[in-house]
1. Any residue that is under 19 Å from Ile62 (Cα atoms), among the polar types (S, T, N, Q) and either modelled with pLDDT of 85 or more or surrounded by 14 or more Cβ atoms within 10 Å (Cβ to Cβ) (or both) - is there at least one of those in the stretch 105-118?
2. Among the helices (runs of 4 or more DSSP H) confined wholly to the stretch 121-201, which include 2 or more residues that are at pLDDT below 85?
3. I'd like the residue in the stretch 85-111 that is under 20 Å from Phe161 (Cβ atoms) and outside any helix (DSSP H, G or I) and, out of all such residues, is nearest to the chain's Cα centre (by Cα).
4. Mind telling me which of the residues Glu26, Glu89 ends up being of a type in the set (D, E, K, R), under 27 Å from Lys131 (Cα atoms) and at pLDDT 90 or above?
5. Could you please let me know if Phe129 is under 20 Å from Leu189 (Cα atoms), in the same structural domain as Ala183 (by TED's automatic domain parsing) and of a type in the set (A, V, I, L, M, F, W, C)?
6. Inside the stretch 6-65, can you point out the residues that are under 22 Å from Ala115 (Cβ atoms) and among the acidic types (Asp, Glu)?
7. Out of Tyr166, Tyr110, Tyr124, Tyr156, which single residue is more than 14 Å from Glu89 (Cα to Cα) and touching a residue at least 60 places away in the same chain (Cβ under 8 Å)?
8. Does Leu11 satisfy being closer than 24 Å to Glu122 by Cα, at pLDDT 85 or above and in a helix (DSSP H, G or I)?
Amino acid sequence: MNTAKLGKRELNRQNNQRAIMTAARECFSEAGFDKVTVRDIIRRTGLASGTFYNYFPDKRSIFSALIDDYMGRLNEHLANLRGTAPELESRINSAYLAIFTTIEEDPEVYKLVHANDKIVQEIYSSGIFGKALETFENDIKNAIADGQLPDINVDYISASFNGVGYELGFRLADRGGEPKQAAHFATKLFLGGVSALPDNS
């Protein structure tokens with residue numbers, strides 16, 4: 001087959017998929033996941049009604065694709081930042097900074113996540129922060145084992161880390177702000193609270 005035709009076909013495919021994802025993002029932001037239909041999404045693109053199913057089987061899959069893109073960028077930032085974070089405080093700071101930097105890059109997707117929390121929790125059992133929360137939990141367990149932290153409840157601490165990141169992240173997405181400043185604040189707040197806890201808290 002002609003290479004030029006293959007190139008044009010692939011370009012059309014990419015453009016169609018991009019148009020569908022953009023339309024889905026707008027629809028989910030405006031109406032919420034539960035109220036949006038596949039027809040709503042495809043109508044906004046101007047494409048034929050059956051085109052959607054060439055790329056996605058249902059609206060849940062396209063919602064997942066939008067969030068997967070966000071999480072991929074978050075994990076990339078986390079990997080880059082943790083390479084320069086040898087100590088516990090800098091590791092916690094790097095986790096928060098990865099979260100807040102990703103939010104700054106695309107605040108609308110994060111607001112979309114925040115507004116559709118129920119379906120996000122159904123799709124991602126570990127939550128939107130995924131790898132960041134997993135690496136944080138490992139850091140805390142290692143710090144307890146090394147005596148850097150008291151013998152505290154890791155589940156409670158992880159929930160606290162997640163809560164601060166989630167809500168402070170929404171403030172950044174909604175009102176703007178500096179990721180480094182937010183990460184510094186969250187890290188100091190977190191470590192200050194942990195230092196006041198007795199063992200087995």
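The values are calculated or read from the model by the stated rules, or taken from the named source; none is laboratory data. Predicted, not measured: the structure shown is a model, and the values here were computed from it. For neighbour counting, all protein chains shown are included, and Cβ atoms are generated from backbone atoms with ideal geometry for every residue, glycine included.
1. Yes, the stretch 105-118 contains at least one residue that is under 19 Å from Ile62 (Cα atoms), among the polar types (S, T, N, Q) and either modelled with pLDDT of 85 or more or surrounded by 14 or more Cβ atoms within 10 Å (Cβ to Cβ) (or both).
2. 131-145, 179-195
3. Applying the filter and picking the extreme gives Ala85.
4. After applying the criteria, what remains is Glu26.
5. Answer is yes for this residue.
6. Glu26, Glu30, Asp34, Asp40, Asp58
7. The match here is Tyr110.
8. No; evaluated as a whole, the condition is false for this residue.
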